[in-house]
Each structure stands twice: as structure tokens, then as C-alpha cells.
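Quick notes on the structure that follows.
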Amino acid sequence: MKKLLLICITFLFVDQFSNAQTSLTKGDIVITGFNTDGGDQFSFLLMRDIDANTEIRFTDRGWAAGNVFYTASSTEGRLIWTHTSPLTCGTEIVVSVTSTTASTATIGTTTDGLDFATSGDEVLVYQGTDTNPTFITAFKSESTTWENDATNINDSRLPTGLTDGVDAFLLNPEQDNARYLCTVTSGIASGVRSSIYLNSGTTGQNWETHNTTPFSLANCTWSFACPVLSIDDTNNEINIKIHPNPTSSFIIIYGIKNKERYRIYNYLGIEILRGTATSNQNIDVRNFSNGLYFLKFEKGNTLKFIKD
């Protein structure tokens, strides 16, 4: 009986880990292309690594007043994208849509679909549920602004938590087809994202557009440095602490039971320092630039601190 119970528990944990997914935050995905003529398509770029079975939702339904999706029209839809293997930052994926119930992707699989209006539309990207979404990015190719409400199939408010020109983008005037010009494809992820969404609210400084002819999407070659961590990745266990925080010279680690290896990353995910720590040990950060850092231990715990 004990052996059978152990086997069952083992399979339970294996199943839980096999279905784990990455929780994304705003800016972890950007839209790089959009076609409403000649068949609906869009392309998106991963700005961080994702685990296998990560689900991402895309919709052409506008974000309405009251923080709900506009659902009065049956001509709009929502698709769910996922992939059974991990994918690295810099992976670009094209999704082709034939109806609100059918779509395909160049990498991964999709469920259901969208139906872009030929006069321009939006694609909102999120995780969570349709009633409780966590928005990652948004792209709009219709209208001169993000509206105050969504009252038809073309309108949308700027989704909750997103900032236009930072993690959301608006093409103005309306364009049926558009793609990023590959102006910046290397360097660091934040620089690439800034180039893609530069001058939101105009025709897009680094975009090419056409109102009748669709573009071939995913035409860039990406080679930028990707963040290892985001702020939301931290796991501050109650028994492991850093003091003082913020600090100008040293940090002291409390609560480690045994000697453990660590690495320190800056906010861009670049490794700054590595070593081995014990409880009550000082780490010298006097030569660090001011900013946010992540202290990651080999057993998986991650703490964040600020150098000022």
C-alpha cells in the first residue's frame, strides 16, 4: 500500500510540473505584424523564455468601460495559443486565422480564432481568463486613439495596466496591413521593444504599412539579450532575508541553513556576480551601479534588492 501511494504521489508531481506554465507580465510579448487583407494574420515576438504548455490568449474584442470585453458581436473571437515545448526569448510566431473557430500557428497549436475587420482592428494579448485577464500587450490599427469605451467591433480602450508606446501600440491613421521594419533586432530586449513600439499614435516610425496589400510576416532575424528574471519571478521565502535593503555598500543574508551557491543579476538579466554564501554573510555591492538586482540561489529561491 505504501509503495502504491508513493507511486501515485510521484505521478501527481510529475503531472503538475509537466503542466506548469510561465506567468507573463506586460511587455513580455510584442506584436510585430498585422494583416487584415488577403486573410487575417498577426505575428508576435517572445521577449522572455517561456515554459512548455504556457497558454497565451489573443482577442479582437475591444476592452470596454467597466473593464470587460465587448462581446455584443458574434463576428469577433478569442484564440488560445500554446506549445508543448519550452521556447526561447526571440522566437517569433505567425498566427493565421480563417474564422472565429479556426486558426493555425507556425509554432505551437491554437484553439478557436478571430475575425479582423477589414477596416482595421485590434489584437489584445493576455493570460488568465476572459473575465479576469492579465494583459501582456495590445495592438490597434483602427482609429486615431484608444477610445473611452468599446461600443462596436472596431473600438477599444487601452487595456488595464498597459501604457501606450511602452507595452501597447496604436497605428494612426488606420492601416489594414503593417509590419515592423527590423530597425533594431539586437542589443537588449528593452531596446528592441522600445524600437518596435516607438512613436505609437502615428504610422509608426519603424513600421511599414499598406491599406490593400498584406505583408509577409516574421521577416526579421532576432539576436537580442533576454532577461533571465522579471520582478514577478521573485520568491521571497520567509526564512531567507536581505538586510539592509536598499543598500549602498553591503547586503547581509539571513536564514540560510547550509552553504549555498548564488548569482546576482541586474534588471536586464545580466549576471553581475557569483559566489557561495552562508547565513549572516556580507556581500560587497559597493561597485554595483544604482538600480534593481536579483539574488538567485542554486536551490531556486530568488530575492530582490536595490543598490542606491
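Things to note:
- Percentage, to the nearest whole number, of Cα pairs in the range 29-225 over 32 Å apart: 6 percent
- Karplus-derived 3J(HN,Hα), 6.51/-1.76/1.60, for each residue of the range 183-193, Hz, glycine and proline x: 4, 10, 10, 10, x, 10, 4, 5, x, 5, 4
- Largest GNM mean-square fluctuation among PHE288, PHE44, PHE224, using the chain with Cα springs under 10 Å: PHE288.
- Surrounding net charge for THR145, when Lys and Arg each add one and Asp and Glu each subtract one, Cβ distance under 11 Å: -2
- Highest-MSF residue in the chain out of VAL68, VAL192, VAL30 [GNM, Cα springs under 10 Å]: VAL68
- Projecting the Cα atoms of ILE153, LEU171, GLY191 onto the charge dipole of the range 123-209, computed from C-beta unit charges around the Cα centre, puts GLY191 farthest toward the positive end.
- Taking θ as phi - 60° and the Karplus parameters 6.51, -1.76 and 1.60, the scalar couplings of the range 255-263 work out to x, 7, 7, 10, 4, 9, 6, 9, 9 Hz in sequence order, x denoting glycine and proline.
- Only lysine pairs 8 or more places apart, or on different chains, with alpha-carbon atoms under 30 angstrom apart are counted in the chain, and they number 25.
- q = 0.17, 0.25, 0.26 Å⁻¹, the range 231-307: log10 I(q)/I(0) [Debye, one scatterer per Cα]: -0.56, -1.36, -1.49
- Simple point charges give the picture: +1 on the Cβ of Lys and Arg, -1 on the Cβ of Asp and Glu, and for the chain a dipole about the Cα centre of about 1920 debye.
- Ellipticity estimate at 222 nm from DSSP helix runs (n ≥ 4, -39,500 (n - 2.57)) divided over the chain, nearest 500: -2500 deg cm²/dmol
- The C-alpha atoms of the chain define a longest principal axis, and helix 2-18 lies at about 50 degrees to it.
- Phi to ³J(HN,Hα) by Karplus 6.51 cos²θ - 1.76 cosθ + 1.60 over the range 132-138, Hz, x for Gly, Pro: 9, x, 10, 6, 10, 6, 8
Coordinate-derived values only; no laboratory data. Predicted, not measured: the structure shown is a model, and the values here were computed from it. No Cβ is skipped: glycine too gets one built from the backbone with ideal geometry, and neighbour counts run over all protein chains shown.
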